[in-house]
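*Asks:* My structure is below; once you've seen it, I'll send some questions.
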Amino acid sequence: MSQPFYTSWYGGGEKLNRYTASGQEFRPEGFTCAHRTLPMGTKLELTHKGRHTVVTVNDRGPAAWTGRNLDLSRGAAQALGVSGLAHIQGRVIPRSEHTRGITYRFVYPLVDMKF
């Protein structure tokens, strides 16, 4: 079921901790987000103005006083066309739909990669 998110993005040069609350190194170009209560590792399918992307919760925030309930990494925000504050739609992807363990084959160079 779809739910609304009031979001912004982070990773544009402000002074940030090198690591997220999950212990992962923060990568601004990644497809991750911060949420106050969703479990770490939760995947969200997000939609904004006809654009779609999937992000993984790996950080905590935004601060409650901001009124926002989701902070996107810069990469995810760019994919959705979010350049400031935005109202977007999203849904939690059930673990049964996660794609872990799928083998991706790339044509050049020919490499098998497991995620």
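Any read-out appearing in this document is the output of simple, stated calculations on the displayed coordinates, not a laboratory observation. These figures come from a predicted structure and were not determined experimentally. Methodologically, a virtual Cβ is constructed for each residue, glycine included, from the backbone with ideal geometry; neighbour enumeration extends over all protein chains shown.
*Asks:* What is the Cα radius of gyration of segment 3-95 over 2.2 N^0.38 Å, N being its residue count?
*Replies:* Working it through for segment 3-95, the quotient is 0.96.
*Asks:* Quick one: Karplus J couplings for segment 50-66, per residue in order, coefficients 6.51, -1.76, 1.60, θ = phi - 60°, nearest Hz, x for Gly and Pro?
*Replies:* x, 9, 10, 7, 10, 10, 10, 6, 9, 8, 10, x, x, 4, 4, 5, 6
*Asks:* Shifting gears a bit: Where Lys and Arg each count +1 and Asp and Glu each count -1, what net charge lies around residue 36 among other residues with Cβ under 14 Å from its Cβ?
*Replies:* Net charge in that neighbourhood comes out at 0.
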